[in-house]
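Undergrad: This is the structure I have questions about; it appears just below.
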Amino acid sequence: MDKFLRLPQVAEMLGVSKSTVWLYAREGKLPKATKLSPRVSVWKESDVMALMEKASA
């Protein structure tokens, strides 16, 4: 089962700001977040890892 990551965790893993995470999601570099509530969004850890692997290749 995939682990879910919140915005600060994703930003830290990618080494970017929180606004850059949203930019990546809008540009399609990172899949859109899953909304758990109006103020809580999460990403699957595997999606973030895939972006990191793609960036390092």
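Quick note: the coordinates plus some simple rules give every number you see, no bench work behind them. These figures come from a predicted structure and were not determined experimentally. Here Cβ is always computed from backbone atoms with ideal geometry, including for glycine, and neighbour counts include all displayed protein chains.
Undergrad: Could you list, ordered by first residue, the pairs with Cβ atoms under 8 Å in which the first is in segment 8-21 and within 15 Å of S46 (Cα to Cα) and in contact (Cβ under 8 Å) with a residue 12 or more places away in the chain and the second is β-branched (V, I, T) and surrounded by fewer than 17 Cβ atoms within 10 Å (Cβ to Cβ), at least 6 apart or interchain?
TA: Listed by first residue and then by second, the contacts come to L14/T20.
Undergrad: Pairs under 6 Å by beta carbon, first residue under 16 Å from A11 (Cα atoms) in segment 23-44, partner surrounded by 11 or more Cβ atoms within 10 Å (Cβ to Cβ) and of a type in the set (S, T, N, Q), six or more apart or different chains?
TA: A33/S41; V42/T34
Undergrad: Among the residues of segment 8-29 satisfying the criterion of being exposed (fewer than 12 other Cβ atoms within 10 Å of the Cβ) and among the polar types (S, T, N, Q), which is farthest from A55 (Cα to Cα)?
TA: S19
Undergrad: Also, quick follow-up: So is K32 under 10 Å from the mean Cα position of the chain (by Cα) and surrounded by fewer than 16 Cβ atoms within 10 Å (Cβ to Cβ) or not? Steps first, answer last, please.
TA: Values: under 10 Å from the mean Cα position of the chain (by Cα): yes; surrounded by fewer than 16 Cβ atoms within 10 Å (Cβ to Cβ): yes.
Yes; evaluated as a whole, the condition is true for this residue.
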